[in-house]
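Just below is one structure, and these are the notes that go with it.
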Amino acid sequence: MAGTYAAMLDSDSGIESRASEVLDALGKRVASSASAICLWDPIQRRHLSIANHGYPDQVMDHFNTWFVDHDPLFDAMRRRSLGPLRWRDFPAYRTTYSVTGVFTPAGFDEGLSARLVTADGAYAGTLHVNCDDPRYPSDDDVDEINMLRLQMAEHLDLSVRPRMVAELMGPEAQAWAVDRTGRAHLLRLGGQWDSALDEKLVGEMALAAAGGTTSRWHDGTGWLHVRHIGTAPRFRHDSLNAVMLITRAALPFGITPRELDALTLAARGLTNNQIAAQLFISVRTAGHHLESATAKLGASNRASCVSQAMSWGLLSGRMLRDLDTGGVTTG
């Protein structure tokens, strides 16, 4: 079994291609009229159809909505950590809405579903197989799918590769997967942390850093260094927009919070007069903040100071957020 599926699961192909190849291979070993793989998107908290061989749209919609929320067979697998279950393995299942209202009208007379769960217990999605012959899936088919489901979960889990990036680039950092709207999913806690940051705060960080900016935030306890690593879409409707790595770190070079604000506004092109107006300070004080920051960074002039500030991620995340949401005006 491992040799049959391992090569395609380990390949560099996209998730959709690998999932489809697995269904092709599974179809040669397991009797079925239709099969599908649906993966759990932990950021947007929904199921996505990644590969579908033979199911009509209404069945796929059912799998990704009512089935995972209300179906008694799926609920039994979830609560009792069961392997694949067929209709005939579950008493009175043929009288349920899934069968009478969805599967039978679609032409299926037997079926099997399996939850894809990784070795550490993370839920990755579902595998479905349906047949128009009530003799199948057979006991051997069930054994085949049961052996395959862990391997599929480990390779197709949408969090696996972002988590690998986080472990490689910031082993001490708290890592989050985020989408374009600020929704976030914790990938790993990181060696520096005892508990996860507030998800709302992480969402604000994600929106402020949408352009890939490294920034500094204060969470009421101390300063945070936030790195925003943009990602390319892995498949259609992929919600992942970036991996964020967050560490606790004091402001470097002795930069003060007010100097950080002034540097952020200068990096956005504001003049000293505009900076003074935004920070409710005098023009002279605004200039002093920038002169002090220039000296601390060892820069030769304002432009060099701003360039170095950006390279060190010396930008206030909250100030960037206010700039982007209209809380700070630039004209």
Anything in the range 185-206 that is more than 21 Å from Val117 (Cα to Cα) and crowded, with 22+ Cβ neighbours inside 10 Å? List them, or say none.
Val202, Met205, Ala206
Out of (1) modelled with pLDDT under 95; (2) within 19 Å of the chain's Cα centre (by Cα), what's the single condition that is false for Ser49?
(1)
Being surrounded by 15 or more Cβ atoms within 10 Å (Cβ to Cβ), within 29 Å of Pro171 (Cβ to Cβ) and among the hydrophobic types (A, V, I, L, M, F, W, C) narrows it down to one residue among Leu260, Leu279, Leu270; which is it?
Leu260
Does the range 224-246 contain any residue that is in contact with a Lys or Arg (Cβ under 8 Å, 6 or more places away or on another chain) and in a helix (DSSP H, G or I)?
no
Could we say that Val160 is in contact with a strand residue (DSSP E or B) (Cβ under 9 Å, 6 or more places away or on another chain), surrounded by fewer than 20 Cβ atoms within 10 Å (Cβ to Cβ) and not charged (D, E, K, R) here?
yes
Out of all the residues in the range 169-176, is one or more within 17 Å of Arg45 (Cα to Cα), crowded, with 16+ Cβ neighbours inside 10 Å and of a type in the set (Phe, Trp, Tyr)?
yes
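Within the range 91-102, can one find any residue that is of a type outside the set (Val, Ile, Thr) and within 30 Å of Glu199 (Cβ to Cβ)?
Scanning the range 91-102 turns up no residue that is of a type outside the set (Val, Ile, Thr) and within 30 Å of Glu199 (Cβ to Cβ).
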All positions within the range 18-29 that are touching a residue at least 24 places away in the same chain (Cβ under 8 Å) and in contact with a Ser or Thr (Cβ under 8 Å, 6 or more places away or on another chain)
Arg18, Leu23, Leu26, Gly27, Arg29
Restricting the range 79-109 to residues that are crowded, with 16+ Cβ neighbours inside 10 Å and of a type in the set (S, T, N, Q), the residue that is nearest to Ala34 (Cα to Cα)
Ser98
For the list (1) buried (at least 16 other Cβ atoms within 10 Å of the Cβ); (2) under 23 Å from Asp238 (Cβ atoms); (3) among the aliphatic types (A, V, I, L, M), I need the number of the one condition that Leu148 fails.
(2)
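Out of Leu323, Leu314, I need the residue that is under 36 Å from the mean Cα position of the chain (by Cα), modelled with pLDDT under 95 and among the hydrophobic types (A, V, I, L, M, F, W, C). Which one? Let's see the steps before the verdict.
Numbers: Leu314 fails: modelled with pLDDT under 95.
After ruling out the rest, the residue left standing is Leu323.
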Do you know which of the residues in the range 87-106 that are at pLDDT 95 or above and outside any helix (DSSP H, G or I) is nearest to Arg45 (Cα to Cα)?
Thr96
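The values are calculated or read from the model by the stated rules, or taken from the named source; none is laboratory data. Quick caveat: nothing in here was measured; it's all calculated off a predicted structure. All Cβ positions, even for glycine, are placed from backbone atoms using ideal geometry, and neighbour counts span all protein chains on display.
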